[in-house]
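Everything below concerns the one structure shown next.
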Amino acid sequence: MELEAYARDALAFVEAHAHWAPYIAFILAFGESLAVLSLFFPATFVLIGLGPIIEAGGAPFLPVWAAAAGGAALGDALSYWVGHYFKDSARQAWPLRHYPDMLERGERFFHRFGSWSVFLGRFFGPLRAVVPLVAGMFAMPHVIFQMANVASAMLWAFVLLAPGAAAMKVLGW
């Protein structure tokens, strides 16, 4: 399915079923943040489009934001544990073995920015799903990882959802 058609369908569903918005935001953010799955699950544009729809559809912002942040944090946490468990053998797992350059970019980013890479990586497309995996592979301390993970997930979800919701409120639509 083409990305544009996927986004249109997802947004139309949320528009028709605003009460499902927190669950949909959670699933989209989780899929967008989970290593490997995010390669096939580009949800950023749908989450951006969700902001105006939740405001126009009457869904409260806070639960949708919390669900998106929770989904993103859980996706990264799972990616971290996969990297922590499999270590270097994760490179040979499908589909990572088909994208060695992506993993190498994530490693360079991680080595350059250290613990900040988890926070910063959330805001850079392909790095979003690879940096937590790399952090686990290189045994980044779990507490530091989770602090960066949760803080970045909260900010990321807000940045994606709030502008559209605020614009709808300001315009009175």
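Just so you know, all these numbers are worked out from the coordinates, no wet-lab data involved. Computed from a predicted structure; not experimentally measured. Virtual Cβ from ideal backbone geometry, glycine too; neighbours counted across all protein chains shown.
For a quick check, take a GNM of the chain with Cα springs below 10 Å and name the residue from Ala68, Ala29, Ala151 with the largest mean-square fluctuation.
Highest fluctuation among the options: Ala151.
Run the quick spin-label model on Arg112 and Phe138: label points 7 Å from Cα toward the beta carbon, then report their separation in nm to one decimal.
Modelled inter-label distance: 1.2 nm.
Place a point 7 Å from Cα of Leu155 in the direction of its Cβ. Which residues in region 96-123 have their backbone N less than 14 Å from it?
Of the residues in region 96-123, 115-123 have backbone N under 14 Å from the label point off Leu155.
Which distance in Å, rounded to a whole number, links the C-alpha centroids of region 60-78 and region 135-159?
So the two Cα centres are separated by 13 Å.
Simple spin-label model, 7 Å along Cα-to-Cβ: Arg91 to Phe124 in nm?
2.0 nm
What label, among [x] 11, 39, 35, 11, 4, 0; [y] 11, 39, 30, 16, 3, 0; [z] 9, 35, 37, 16, 3, 1, 0, belongs to P(r) over Cα pairs in 10 Å bins from 0, in percent computed from the structure on display?
Correct label is [y].
From the helices alone, meaning DSSP H stretches of at least four residues, give me the mean residue ellipticity at 222 nm for the chain, per-run term -39500 (n - 2.57), in deg cm²/dmol to the nearest 500. It would help to have the intermediate numbers written out before the result.
Values: 8 runs with 128 residues, N = 173.
When only DSSP H runs of four or more count, the value is -24500 deg cm²/dmol.
Once R0 is set to 22 Å, what does the formula 1/(1 + (r/R0)^6) return for the Cβ-Cβ distance between Ala56 and Ala5, expressed as a FRET efficiency to the nearest 0.05?
Values: r = 22 Å, r/R0 = 0.98.
Working from the Cβ atoms, E equals 0.55.
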